[in-house]
Amino acid sequence: MRSDGRRPGELRPVRIVRDYLKHPEGSVLVEFGNTKVICTVSVQEGVPPFLKGKGQGWITAEYSMLPRATQTRNIRESVQGRIGGRTHEIQRMIGRAMRTALDLTKVGERTFWIDCDVIQADGGTRTASITGAFVALVDAVIKLYSDGVLTSTPIKDFVAAVSVGIVNNQILLDLNFEEDSSAEVDMNLVATGSGRISEIQALGEEHSFTREDFDKMLSLGLEGIKQLIELQKAFFEVQGGIFRRKNIKEARL
C-alpha cells in the first residue's frame with residue numbers, strides 16, 4: 001500500500017466539474033487527488049501568421065501555477081519577467097495533446113486558446129491539465145457547432161494523460177508529489193481513446209531502466225488512461241461522429 005492507501009496500479013480520486021467559469025467557451029475544474037487545475041478554452045478569430053490563408057485553425061496552450069499552489073510561495077513568472085523552461089515544456093505538451101484531438105482543417109481560421117491554471121499542486125499537474133482540457137475543448141467545439149459556426153464537431157478521438165513511475169523499485173500509477181519527488185524513474189503518457197500513443201516522456205535521472213520496466217510502465221499507464229477516458233465519456237454522447245453534451249455537471253472516478 002502507498003502512503004495515501006492506494007494500490008500500485010490505482011489512480012487517485014479523479015473529479016471533473018464542467019462549466020466551472022461563466023465566460024469561456026469551455027471550462028472545467030479537474031482534480032487528481034489533491035492536485036486541482038482550472039482549464040479553460042477560448043475561441044478567437046484568426047490564426048498565427050504561418051497559417052494565414054491556409055483555411056485551417058490552430059490550438060495553443062498556456063500553463064501557470066498560483067503562487068501558493070505549492071507548500072511554499074512561488075514568485076509569479078509574470079513578475080520575474082520570463083517564463084521558465086518547465087512551463088514552456090508543459091505548455092507545448094498540452095498544445096500537442098489537444099492538437100491530437102481536434103481536426104484543425106475543419107474549424108476554419110480560428111485559434112483555440114487552452115489555459116491551464118494550477119490552483120493546488122500535488123504531483124501530476126500536466127497530466128491533469130491535459131485530461132481536463134480535453135473536456136473543455138470538446139465543450140467549446142460543441143458550442144461553435146450549436147451556434148452554427150461549425151458544420152460538424154471534428155473531434156478525432158478522446159485524449160487523456162497520466163503519470164507512471166518507479167519508486168523504491170515498484171512501478172506506481174498516477175504519482176503524487178511525495179512519490180514523484182522520490183521516483184527513480186518518471187513517465188508522463190498521453191494516449192487516445194483508441195489506445196494510440198500521442199506522447200511519452202520518460203526519464204531516469206540517476207537511474208537507468210530496462211525495456212521490461214518500460215513495457216510495464218507503458219501498460220499500466222494505458223490502463224489508467226482507459227479509465228480516465230471513460231470518465232470523459234460521461235460528459236458526451238457521440239452519434240454519427242457528432243459530439244453532443246450530456247446534461248452532466250460533474251463526474252468522478
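Which parts of the stretch 13-53 would a label at residue 147 reach, counting a residue when its backbone N lies under 17 Å from a point 7 Å out along Cα-to-Cβ? Those under the cut-off are 19-28, 40-47. In order along the stretch 190-203, the Karplus-derived 3J(HN,Hα) couplings, from 6.51 cos²θ - 1.76 cosθ + 1.60 at θ = phi - 60°, round to 10, 8, 9, x, 8, x, 7, 8, 8, 7, 10, 10, 10, 9 Hz, and Gly and Pro are given as x.
Each peptide in 131-140, 147-156 was scored by the mean count of other Cβ atoms within 10 Å over its residues; highest first, the order is 131-140, 147-156.
Note down the magnitude of the dipole of the stretch 1-139 about its Cα centre, charges +1 on Lys and Arg C-beta and -1 on Asp and Glu C-beta and zero elsewhere, to the nearest 20 debye. All intermediate terms of the calculation are to be shown ahead of the outcome.
Numbers: 21 positive and 15 negative charges, 73 e Å.
Here the size comes out at about 360 debye.
Computed from the Cα positions only, the extents of the stretch 1-130 along the three principal axes stand at 55, 35, 28 Å, in decreasing order. Here the mean projected area of the convex hull built on the C-alpha positions of the stretch 127-240 is 7.8 nm². Its relative contact order, with pairs defined as Cα atoms under 8 Å and 6+ residues apart, puts the chain at 21 percent.
Using square roots of five times the C-alpha gyration tensor eigenvalues, list the equivalent-ellipsoid semi-axes of the stretch 211-253 in whole Å, biggest first. Don't jump to the answer; show the numbers that get you there.
Working: eigenvalues 179, 33, 4 Å².
Semi-axes, largest first: 30, 13, 4 Å.
Once the convex hull of all Cα atoms in the stretch 60-162 is built, its volume per residue stands at 107 Å³. For the stretch 62-110, treating each Cα as an identical point scatterer without solvent, what Debye log10 I(q)/I(0) comes out at q = 0.22 1/Å? Cα-only, vacuum Debye calculation for the stretch 62-110: -0.83.
Straight-line reach from residue 22: taking Cα to Cα under 21 Å and skipping same-chain neighbours fewer than 8 places apart, the lysines in range are 36, 143, 246, 249.
Rounded to the nearest 20 debye, the dipole size of the chain about its Cα centre is 820 debye, using +1 on the Cβ of Lys and Arg and -1 on the Cβ of Asp and Glu. Considering every alpha-carbon pair of the chain, the percent of pairs per 10 Å bin, from zero through the bin containing the longest distance, is 7, 31, 36, 20, 6, 0. Residues whose amide H falls under 5 Å from that of residue 25, counting only those 5 or more places apart or on a different chain, are 41, 43, with hydrogens built in the peptide plane.
Sequence-distant contacts, meaning Cα pairs under 8 Å at least 6 residues apart, place the relative contact order of the stretch 127-253 at 24 percent.
Charged side chains reduced to their Cβ positions (Lys and Arg at +1, Asp and Glu at -1) give the stretch 139-209 a dipole of some 560 debye around its Cα centre.
Go ahead and estimate [θ] at 222 nm for the chain from helices alone: -39,500 (n - 2.57) per DSSP H run with n ≥ 4, summed, over the residue count, rounded to 500.
Working: 5 runs with 72 residues, N = 253.
It comes out at -9000 deg cm²/dmol, rounded to the nearest 500.
As a proxy for reagent exposure, ranking 116, 39 by other Cβ atoms within 10 Å from fewest up yields 116, 39.
Choose one of 202, 185, 170: the residue whose Cα lies farthest towards the positive end of the charge dipole of the stretch 120-253 (beta-carbon charges +1 Lys, Arg; -1 Asp, Glu; about the Cα centre). Of the options given, the answer is 202. Over all alpha-carbon pairs in the stretch 1-57, figure out the percentage whose distance exceeds 14 Å. It works out to 68 percent of all Cα pairs.
Take each complete run of DSSP H in the chain, measure how far its Cα atoms stretch along the helix's own axis, and keep only those covering 27 Å or more with mean Kyte-Doolittle hydropathy at least 0.0; list them. Intermediate values should be presented prior to the final figure.
On the way: long enough: 125-146 (31 Å, 1.00); 211-233 (33 Å, -0.42).
Going by DSSP H runs, the hits are 125-146.
Read-outs: derived from the displayed coordinates by stated rules, not from any lab. These figures come from a predicted structure and were not determined experimentally. We place every Cβ from the backbone using ideal geometry, glycine too, and count neighbours over all the protein chains shown.
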